[in-house]
1. Return the whole-Å distance between the Cα centroid of segment 263-312 and the Cα centroid of segment 380-454.
2. If you stretched the chain out fully between Thr70 and Ser181, how much longer would it get, using 0.36 nm times the residue separation minus the C-alpha to C-alpha distance?
3. Between Glu434 and Arg393, what is the label-point separation in nm under the 7 Å Cα-to-beta-carbon projection?
4. Can you tally the net charge around Thr51? Count Lys and Arg as +1, Asp and Glu as -1, for every other residue whose Cβ sits under 13 Å from the Cβ of Thr51.
5. State whether segment 61-110 is rounded, prolate or oblate according to the following rule on the C-alpha gyration tensor (a ≥ b ≥ c being the square roots of its eigenvalues): a/c under 1.5 gives rounded; otherwise a/b larger than b/c gives prolate, and the remaining case gives oblate.
6. Once R0 is set to 30 Å, what does the formula 1/(1 + (r/R0)^6) return for the Cβ-Cβ distance between Thr232 and Thr57, expressed as a FRET efficiency to the nearest 0.05?
7. Could you list which residues have their amide H under 5 Å from that of Gly146, counting only those 5 or more apart in sequence or on another chain, with H placed in the peptide plane?
8. Largest first, what is the accessible-area ranking of Val158, Val55 with a 1.4 Å probe?
Amino acid sequence: MSQRSFSRRSLLAGLCLGSLSGCLSQATTNSLGQYIGATPAVTDEYDLSVTHAPVSTDASWEVPTTAPPTSLTVEPVVEGLEIPWDVTFAPNGDLFVSERPGRILHYRDSQLETAFETTDVVDASPVVAGEEGGWWAAGSEGGLMGLAVHPNYPDVPVVYAFYTYDTEDGKRNRLSCFDVSADAPAATETILIDDVLGANVHNGSRVAFGPENYLWVTIGDAAEESNAADVTTLNGSVLRLEPDGSAPSDNPDFGPDADSRLYTIGHRNPQGITWLPDGTPLVTEHGPGGADEVNRLVAGGDYGWGTIDPTERGKTGYTDSTFERPLVNTGKRTWAPPGCVFYTGSVSGLQNRLIIGGLRSQRLNVVTLAPRGERLPGTDSGTVFDASWMDERYVAVAHTLFEDEVGRIRDVTQAPDGSLLVATSNRDGRTEIEGESYPKQTDDRLLRVVPTDE
């Protein structure tokens, strides 16, 4: 079992996970795409059903009155990771991390250890300190990506993962779930969605359970714009699912030929999802060399990719159109926004703000939202997004933290104790900071954001 170094100062201390190990079994699949082997399918072994109590539509939050603080720093929680993609907590506080080469890690005895590996994942070998280039040089961005834990864990010890694999006809993506209490968790792999078109780029994909216990999956357009506007494909969309992978009965209707698992369409490469306190979902997505967006999801919404000319993803394309309008559109600059969280934790001054990682921008993007017509704080020091062609409900202002200080930031998550954690992605070989050499010996890292005077 591989291990990663762990900082004992972390407030994660005290979490416990059982010892898990195993490797993917060489099993065949049935007509539903589920693995057939000695271990029963997860859907046969456990009742995955959940309750869907709605979030109160009256739920709200207090808009911050000042700009976010700048007197913040980071301290290491875990070092020596290999291209981490998703950092997620189970309901009981257990910590899971996906690494793009195909490993799912768990926290145990002050260490992160390999829970199991999925050997079907496309090769994504991490760069080590002193190397230049690597698997990414050919442009591949696939591998093990989104990760989620069943809402009834540990009674239902099931973890969900989305990953890219190779076929004779090219790359494909699938969503699977695993029994992490089994002696060989990977042998329990149960495929919920399979044969989703993949590519070297634009696979997505974030996986998360929302506040009403639906399973959400963001999927990229597989580098083909037209896929995002096609309601017969899952590419370029956001899915809303039951925990067994089926479509909820109240999903939006995109027409007689549409896939019933679709919640929204017209997305380019969405890699982050989070929720406002009232349950409103927000996604982050990569634009075409700029025009990155933060979007508020509306059931049945079309977000324009695959229809709007890429050069017109702004005032020209959205004005007088029926497409849903962005909360943020970065214009000619790129954030390259992956994981995000609407933060309600314990770091003073960051509460009630949308915190977004930055890959190419190599920073943390802090977005403050306010209902249109209300005061928006920090407009004198941040970038304001309040054009008439943008989101009709909210205006936004963005500030930055840690620019070119820790490298590429892939994921942002709120820990059960209220901490704000960020995961770097420097071992994919793409970090470029003048005068600095990446990856460093400690990369990749899981970091905790703390005040500088702590």
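1. First find each Cα centre; the distance between them is then 20 Å.
2. 35.7 nm
3. Using points 7 Å along Cα→Cβ, the separation is 4.2 nm.
4. Computed value for this residue: -3.
5. Cα axes put segment 61-110 in the prolate bin.
6. According to the calculation, E is roughly 0.40.
7. Phe162, Ser205, Val207
8. Val55, Val158
The values are calculated or read from the model by the stated rules, or taken from the named source; none is laboratory data. The model shown is predicted, which means the values in this text are computed figures rather than measured ones. With ideal geometry, Cβ positions are generated from the backbone for all residues, glycine too; neighbour counts draw on all protein chains shown. Keep in mind that these areas ignore ligands, DNA and RNA; they rest on the heavy atoms of the full protein, side chains included. Shrake-Rupley method; radii C 1.70, N 1.55, O 1.52, S 1.80 Å.
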